[in-house]
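S.K.: My questions all concern the structure below.
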Amino acid sequence: MNQDQVKEKLLKIEDAPLEFSLIYSGKKSKKVNGLYKPQSREIIIHNRNFANDESGQNLLLHTAIHEYAHHLHACSRGGTLSPRAHNSEFWALFHELLEKAEKKKIYNDVFESSPELIKLTEVIRTKYLANNGSLVKEMGKHLLKAHNLCTDIGVRFEDYVDRMLRIPKAAANMAIKMFEYDIAPEVGADNMRFLAGIRNSDDRKAAEKALIKGKSPDTVKIAVRGKSEPEDPQVSLQKEKQRLERTIATLMKRLEEVEKELEG
(Lines give C-alpha, C1' and ligand atoms only; values in the text may rest on other atoms or scores of the structure.)
Protein backbone atom coordinates (compact mmCIF):
# COMPACT_ATOMS: atom_id res chain seq x y z
CA MET A 1 0.00 0.00 0.00
CA ASN A 2 1.69 3.17 -1.21
CA GLN A 3 1.18 6.70 0.06
CA ASP A 4 -1.31 7.61 -2.68
CA GLN A 5 -3.46 4.62 -1.81
CA VAL A 6 -3.42 5.60 1.88
CA LYS A 7 -4.52 9.14 1.04
CA GLU A 8 -7.29 7.76 -1.16
CA LYS A 9 -8.55 5.64 1.74
CA LEU A 10 -8.54 8.64 4.07
CA LEU A 11 -10.64 10.65 1.65
CA LYS A 12 -13.10 7.75 1.41
CA ILE A 13 -13.55 7.87 5.17
CA GLU A 14 -14.29 11.61 5.12
CA ASP A 15 -13.53 14.36 2.65
CA ALA A 16 -11.22 17.18 3.73
CA PRO A 17 -12.18 20.87 3.34
CA LEU A 18 -8.53 21.80 2.71
CA GLU A 19 -6.03 20.01 0.49
CA PHE A 20 -3.25 18.03 2.20
CA SER A 21 -0.36 15.81 1.24
CA LEU A 22 0.60 12.42 2.64
CA ILE A 23 4.24 11.44 2.51
CA TYR A 24 6.17 8.31 3.43
CA SER A 25 9.39 9.32 5.15
CA GLY A 26 11.14 6.07 4.22
CA LYS A 27 12.52 6.05 7.75
CA LYS A 28 12.05 4.20 11.00
CA SER A 29 11.36 6.23 14.14
CA LYS A 30 11.53 5.06 17.75
CA LYS A 31 9.59 8.12 18.94
CA VAL A 32 6.51 8.38 16.71
CA ASN A 33 4.83 6.53 13.87
CA GLY A 34 3.73 9.70 12.15
CA LEU A 35 3.19 13.43 12.47
CA TYR A 36 1.16 16.29 11.03
CA LYS A 37 2.52 19.70 10.00
CA PRO A 38 -0.37 22.21 10.02
CA GLN A 39 1.64 24.98 8.35
CA SER A 40 2.27 22.92 5.20
CA ARG A 41 -0.70 20.57 5.73
CA GLU A 42 1.53 17.51 5.47
CA ILE A 43 0.93 14.09 6.97
CA ILE A 44 4.22 12.25 7.33
CA ILE A 45 4.20 8.51 7.98
CA HIS A 46 7.34 6.69 9.11
CA ASN A 47 6.44 3.69 6.97
CA ARG A 48 9.42 1.59 8.00
CA ASN A 49 7.85 1.31 11.45
CA PHE A 50 5.29 -1.09 9.97
CA ALA A 51 5.51 -4.59 8.57
CA ASN A 52 4.30 -5.28 5.04
CA ASP A 53 1.77 -7.89 6.17
CA GLU A 54 -1.95 -7.27 6.69
CA SER A 55 -1.57 -6.49 10.40
CA GLY A 56 1.26 -4.04 9.81
CA GLN A 57 -0.61 -2.22 7.06
CA ASN A 58 -3.68 -1.99 9.27
CA LEU A 59 -1.57 -0.35 11.98
CA LEU A 60 -0.15 2.01 9.37
CA LEU A 61 -3.72 3.01 8.50
CA HIS A 62 -4.42 3.61 12.19
CA THR A 63 -1.53 6.08 12.28
CA ALA A 64 -2.68 7.73 9.05
CA ILE A 65 -6.21 8.18 10.41
CA HIS A 66 -4.76 9.67 13.61
CA GLU A 67 -2.77 12.26 11.66
CA TYR A 68 -5.70 12.87 9.32
CA ALA A 69 -7.80 13.68 12.38
CA HIS A 70 -5.25 16.41 13.18
CA HIS A 71 -5.69 17.78 9.67
CA LEU A 72 -9.49 17.81 9.89
CA HIS A 73 -9.26 19.35 13.35
CA ALA A 74 -7.05 22.09 11.93
CA CYS A 75 -9.50 22.61 9.05
CA SER A 76 -12.31 23.17 11.56
CA ARG A 77 -10.20 25.84 13.28
CA GLY A 78 -9.28 27.85 10.20
CA GLY A 79 -6.18 25.84 9.33
CA THR A 80 -4.37 26.16 12.66
CA LEU A 81 -3.97 24.00 15.74
CA SER A 82 -3.71 25.03 19.37
CA PRO A 83 -0.54 24.13 21.32
CA ARG A 84 -2.54 21.36 23.01
CA ALA A 85 -3.42 19.36 19.91
CA HIS A 86 -4.56 16.20 21.70
CA ASN A 87 -7.63 17.64 23.41
CA SER A 88 -11.14 16.19 23.81
CA GLU A 89 -12.26 17.67 20.49
CA PHE A 90 -9.41 15.90 18.68
CA TRP A 91 -10.00 12.51 20.34
CA ALA A 92 -13.72 12.69 19.60
CA LEU A 93 -12.96 13.39 15.93
CA PHE A 94 -10.36 10.62 15.78
CA HIS A 95 -12.71 8.03 17.28
CA GLU A 96 -15.47 9.05 14.88
CA LEU A 97 -13.10 8.54 11.94
CA LEU A 98 -12.14 5.09 13.21
CA GLU A 99 -15.81 4.11 13.47
CA LYS A 100 -16.49 5.32 9.93
CA ALA A 101 -13.41 3.48 8.63
CA GLU A 102 -14.52 0.26 10.32
CA LYS A 103 -18.04 0.52 8.89
CA LYS A 104 -16.62 1.08 5.39
CA LYS A 105 -14.24 -1.89 5.82
CA ILE A 106 -11.24 0.40 5.29
CA TYR A 107 -9.76 -0.30 8.72
CA ASN A 108 -10.06 -3.36 10.96
CA ASP A 109 -10.58 -2.92 14.70
CA VAL A 110 -7.37 -4.32 16.19
CA PHE A 111 -9.04 -4.89 19.55
CA GLU A 112 -11.40 -7.41 17.96
CA SER A 113 -8.54 -9.48 16.51
CA SER A 114 -7.50 -11.11 19.79
CA PRO A 115 -9.99 -13.51 21.45
CA GLU A 116 -7.89 -13.41 24.61
CA LEU A 117 -8.06 -9.60 24.75
CA ILE A 118 -11.81 -9.65 24.11
CA LYS A 119 -12.30 -12.03 27.02
CA LEU A 120 -10.07 -9.95 29.30
CA THR A 121 -11.95 -6.78 28.31
CA GLU A 122 -15.23 -8.35 29.39
CA VAL A 123 -13.70 -9.31 32.75
CA ILE A 124 -12.44 -5.75 33.32
CA ARG A 125 -15.79 -4.24 32.34
CA THR A 126 -18.00 -6.51 34.44
CA LYS A 127 -15.82 -7.41 37.41
CA TYR A 128 -14.04 -4.11 37.96
CA LEU A 129 -15.60 -1.15 36.12
CA ALA A 130 -19.20 -2.10 36.89
CA ASN A 131 -18.45 -3.28 40.44
CA ASN A 132 -16.45 -0.14 41.18
CA GLY A 133 -19.31 1.97 39.88
CA SER A 134 -21.80 0.07 42.04
CA LEU A 135 -19.67 0.58 45.15
CA VAL A 136 -19.36 4.33 44.58
CA LYS A 137 -23.10 4.60 43.93
CA GLU A 138 -23.87 2.60 47.08
CA MET A 139 -21.52 4.86 49.04
CA GLY A 140 -23.49 7.81 47.72
CA LYS A 141 -26.63 6.27 49.18
CA HIS A 142 -25.05 6.04 52.63
CA LEU A 143 -23.49 9.49 52.36
CA LEU A 144 -26.93 10.92 51.71
CA LYS A 145 -28.16 9.22 54.90
CA ALA A 146 -25.20 10.69 56.77
CA HIS A 147 -26.05 14.12 55.35
CA ASN A 148 -29.60 13.87 56.68
CA LEU A 149 -28.38 12.68 60.09
CA CYS A 150 -25.95 15.59 60.31
CA THR A 151 -28.82 17.96 59.55
CA ASP A 152 -30.92 16.33 62.30
CA ILE A 153 -28.27 16.82 64.98
CA GLY A 154 -27.34 20.30 63.80
CA VAL A 155 -23.82 19.76 62.45
CA ARG A 156 -22.33 20.54 59.05
CA PHE A 157 -22.09 17.58 56.70
CA GLU A 158 -18.88 19.07 55.27
CA ASP A 159 -17.24 18.89 58.70
CA TYR A 160 -18.30 15.26 59.03
CA VAL A 161 -16.77 14.46 55.65
CA ASP A 162 -13.53 16.26 56.55
CA ARG A 163 -13.06 15.03 60.11
CA MET A 164 -14.71 11.59 60.19
CA LEU A 165 -14.41 10.22 56.66
CA ARG A 166 -11.36 12.25 55.59
CA ILE A 167 -12.35 12.32 51.93
CA PRO A 168 -12.66 15.32 49.57
CA LYS A 169 -16.01 17.09 49.91
CA ALA A 170 -16.37 17.22 46.13
CA ALA A 171 -16.00 13.42 45.93
CA ALA A 172 -18.67 12.92 48.61
CA ASN A 173 -21.12 15.25 46.88
CA MET A 174 -20.45 13.61 43.52
CA ALA A 175 -21.15 10.14 44.95
CA ILE A 176 -24.48 11.41 46.32
CA LYS A 177 -25.39 12.75 42.87
CA MET A 178 -24.55 9.39 41.31
CA PHE A 179 -27.06 7.77 43.65
CA GLU A 180 -29.73 10.44 43.31
CA TYR A 181 -29.50 10.47 39.50
CA ASP A 182 -29.52 6.64 39.44
CA ILE A 183 -26.58 6.49 37.04
CA ALA A 184 -25.80 3.10 35.51
CA PRO A 185 -22.75 1.57 37.26
CA GLU A 186 -21.76 -0.34 34.11
CA VAL A 187 -20.21 2.82 32.63
CA GLY A 188 -17.61 2.85 35.44
CA ALA A 189 -16.97 5.30 38.28
CA ASP A 190 -15.06 7.86 36.18
CA ASN A 191 -17.81 8.12 33.58
CA MET A 192 -20.39 8.22 36.39
CA ARG A 193 -18.67 11.32 37.76
CA PHE A 194 -18.86 12.94 34.33
CA LEU A 195 -22.56 12.05 34.00
CA ALA A 196 -23.29 13.33 37.50
CA GLY A 197 -21.96 16.70 36.40
CA ILE A 198 -24.61 17.03 33.67
CA ARG A 199 -27.52 18.98 35.12
CA ASN A 200 -30.04 18.47 32.32
CA SER A 201 -31.63 15.05 32.84
CA ASP A 202 -32.33 14.48 29.13
CA ASP A 203 -28.72 15.29 28.21
CA ARG A 204 -27.50 13.08 31.03
CA LYS A 205 -29.61 10.11 29.90
CA ALA A 206 -28.52 10.59 26.29
CA ALA A 207 -24.87 10.69 27.33
CA GLU A 208 -25.30 7.60 29.52
CA LYS A 209 -26.95 5.72 26.64
CA ALA A 210 -24.12 6.68 24.27
CA LEU A 211 -21.48 5.43 26.73
CA ILE A 212 -23.31 2.14 27.19
CA LYS A 213 -23.48 1.72 23.40
CA GLY A 214 -19.69 2.03 23.22
CA LYS A 215 -19.04 5.67 22.35
CA SER A 216 -15.78 7.00 23.76
CA PRO A 217 -15.96 9.44 26.71
CA ASP A 218 -14.41 12.24 24.64
CA THR A 219 -16.97 11.75 21.87
CA VAL A 220 -19.80 11.91 24.39
CA LYS A 221 -18.35 14.97 26.15
CA ILE A 222 -18.10 16.89 22.89
CA ALA A 223 -21.65 15.90 21.96
CA VAL A 224 -22.97 17.11 25.33
CA ARG A 225 -20.98 20.30 25.55
CA GLY A 226 -21.24 21.15 21.88
CA LYS A 227 -18.27 21.79 19.67
CA SER A 228 -16.60 25.09 20.34
CA GLU A 229 -16.75 27.73 17.64
CA PRO A 230 -13.56 27.85 15.53
CA GLU A 231 -11.38 30.67 16.75
CA ASP A 232 -10.21 33.26 14.24
CA PRO A 233 -6.61 32.38 13.20
CA GLN A 234 -5.49 35.97 13.77
CA VAL A 235 -6.89 35.90 17.30
CA SER A 236 -5.10 32.60 17.99
CA LEU A 237 -1.80 33.99 16.71
CA GLN A 238 -2.20 37.15 18.78
CA LYS A 239 -2.82 35.10 21.92
CA GLU A 240 0.21 32.93 21.18
CA LYS A 241 2.32 36.07 20.60
CA GLN A 242 1.28 37.44 23.99
CA ARG A 243 2.12 34.15 25.71
CA LEU A 244 5.53 34.08 24.08
CA GLU A 245 6.22 37.69 25.04
CA ARG A 246 5.36 36.96 28.68
CA THR A 247 7.59 33.89 28.66
CA ILE A 248 10.50 35.82 27.12
CA ALA A 249 10.10 38.63 29.67
CA THR A 250 10.15 36.13 32.53
CA LEU A 251 13.23 34.40 31.17
CA MET A 252 15.06 37.68 30.60
CA LYS A 253 14.35 38.75 34.17
CA ARG A 254 15.65 35.44 35.49
CA LEU A 255 18.73 35.69 33.26
CA GLU A 256 19.55 39.11 34.76
CA GLU A 257 19.19 37.69 38.27
CA VAL A 258 21.51 34.77 37.48
CA GLU A 259 24.10 37.10 35.91
CA LYS A 260 24.08 39.30 39.02
CA GLU A 261 24.53 36.26 41.25
CA LEU A 262 27.48 35.11 39.13
CA GLU A 263 29.10 38.55 39.28
CA GLY A 264 28.67 38.65 43.07
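Let's see how each residue does on (1) among the aromatic types (F, W, Y); (2) surrounded by fewer than 15 Cβ atoms within 10 Å (Cβ to Cβ); (3) part of a loop (DSSP other than H, G, I, E, B); (4) free of Cβ contacts under 8 Å to residues at least 60 places away in the same chain:
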{"position": "K28", "(1), (2), (3), (4)": "no, yes, yes, yes"}
{"position": "I43", "(1), (2), (3), (4)": "no, no, no, yes"}
{"position": "A51", "(1), (2), (3), (4)": "no, yes, yes, yes"}
{"position": "L60", "(1), (2), (3), (4)": "no, no, no, yes"}
{"position": "A74", "(1), (2), (3), (4)": "no, no, no, yes"}
{"position": "F94", "(1), (2), (3), (4)": "yes, no, no, yes"}
{"position": "L98", "(1), (2), (3), (4)": "no, no, no, yes"}
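S.K.: Another one. Kindly indicate the residue of region 9-18 that is of a type outside the set (A, V, I, L, M) and more than 16 Å from N58 (Cβ to Cβ) and also nearest to the chain's Cα centre (by Cα) among those meeting that condition. Explain how you work it out, then say what you get.
M.R.: Of region 9-18, the ones of a type outside the set (A, V, I, L, M) are 9, 12, 14-15, 17.
With the extra rule that they be more than 16 Å from N58 (Cβ to Cβ), the set shrinks to 14-15, 17.
Values: E14: 20, D15: 23, P17: 23 Å.
My answer is E14.
S.K.: Filter region 216-235 down to the residues that are over 18 Å from L93 (Cβ atoms) and either at pLDDT 75 or above or surrounded by 11 or more Cβ atoms within 10 Å (Cβ to Cβ) (or both) and list them by number.
M.R.: D232, P233 - these are the residues of region 216-235 that are over 18 Å from L93 (Cβ atoms) and either at pLDDT 75 or above or surrounded by 11 or more Cβ atoms within 10 Å (Cβ to Cβ) (or both).
S.K.: Which members of region 158-173 meet the condition of being part of a helix (DSSP H, G or I) and surrounded by fewer than 20 Cβ atoms within 10 Å (Cβ to Cβ)?
M.R.: E158, D159, Y160, D162, R163, M164, L165, K169, A170, A171, N173 - these are the residues of region 158-173 that are part of a helix (DSSP H, G or I) and surrounded by fewer than 20 Cβ atoms within 10 Å (Cβ to Cβ).
S.K.: Right, next: Restricting to region 76-91, and then to whatever is of a type in the set (A, V, I, L, M, F, W, C) and closer than 22 Å to K12 by Cα, can you tell me which residue is surrounded by the fewest Cβ atoms within 10 Å (Cβ to Cβ)?
M.R.: Filtering region 76-91 for residues that are of a type in the set (A, V, I, L, M, F, W, C) and closer than 22 Å to K12 by Cα, the one surrounded by the fewest Cβ atoms within 10 Å (Cβ to Cβ) comes out as W91.
S.K.: Another one. Check L72, L35 and return the single one that is over 17 Å from the mean Cα position of the chain (by Cα), under 30 Å from L244 (Cα atoms) and outside the structural domain of K241 (by TED's automatic domain parsing).
M.R.: L35
S.K.: Hey, K104 hits all of (1) touching a residue at least 24 places away in the same chain (Cβ under 8 Å); (2) under 23 Å from the mean Cα position of the chain (by Cα); (3) loosely packed, with under 14 Cβ neighbours inside 10 Å but one; which does it fall short on?
M.R.: Among (1) touching a residue at least 24 places away in the same chain (Cβ under 8 Å); (2) under 23 Å from the mean Cα position of the chain (by Cα); (3) loosely packed, with under 14 Cβ neighbours inside 10 Å, the lone unmet condition for K104 is (2).
S.K.: Report whether or not S40 is under 30 Å from K241 (Cβ atoms), within 18 Å of the chain's Cα centre (by Cα) and modelled with pLDDT under 95.
M.R.: Working: under 30 Å from K241 (Cβ atoms): yes; within 18 Å of the chain's Cα centre (by Cα): no; modelled with pLDDT under 95: yes.
No.
S.K.: When the residues of region 11-32 are narrowed to those that are touching a strand residue (DSSP E or B) at 6+ places or on another chain (Cβ under 7 Å) and not hydroxyl-bearing (S, T, Y), which ends up farthest from K103 (Cα to Cα)?
M.R.: I23
S.K.: Could you tell me whether L81 is touching a Lys or Arg at 6+ places or on another chain (Cβ under 6 Å) and in contact (Cβ under 8 Å) with a residue 40 or more places away in the chain?
M.R.: no
Per-residue answers, yes or no, for (1) part of a helix (DSSP H, G or I); (2) in the same structural domain as E89 (by TED's automatic domain parsing); (3) touching a residue at least 40 places away in the same chain (Cβ under 8 Å):
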residue: D182; (1), (2), (3): no, no, no
residue: D190; (1), (2), (3): yes, no, no
residue: F194; (1), (2), (3): yes, no, no
residue: R204; (1), (2), (3): yes, no, no
residue: L211; (1), (2), (3): yes, no, no
residue: G214; (1), (2), (3): no, no, no
residue: K221; (1), (2), (3): yes, no, yes
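S.K.: With respect to the numbered conditions (1) farther than 18 Å from R204 by Cα; (2) assigned to a helix (DSSP H, G or I); (3) not acidic (D, E), which one is the sole condition not fulfilled by K177?
M.R.: Unmet for K177, out of (1) farther than 18 Å from R204 by Cα; (2) assigned to a helix (DSSP H, G or I); (3) not acidic (D, E): (1).
S.K.: Something else about it: Tell me the residue from L81, L135 that is hydrophobic (A, V, I, L, M, F, W, C) and either modelled with pLDDT of 95 or more or assigned by TED's automatic domain parsing to the domain that holds E180 (or both), please.
M.R.: Just one listed residue meets the conditions, L135.
S.K.: Does A146 qualify as being more than 19 Å from R193 (Cα to Cα) and touching a residue at least 12 places away in the same chain (Cβ under 8 Å)?
M.R.: Taking the combined requirement at face value, the residue satisfies it.
S.K.: Pick from L165, L149, L195, L135: which is of a type outside the set (S, T, Y) and under 23 Å from the mean Cα position of the chain (by Cα)?
M.R.: Unique residue meeting the criteria: L195.
The values are calculated or read from the model by the stated rules, or taken from the named source; none is laboratory data. These numbers come from a predicted model, not from an experiment. All Cβ positions, even for glycine, are placed from backbone atoms using ideal geometry, and neighbour counts span all protein chains on display.
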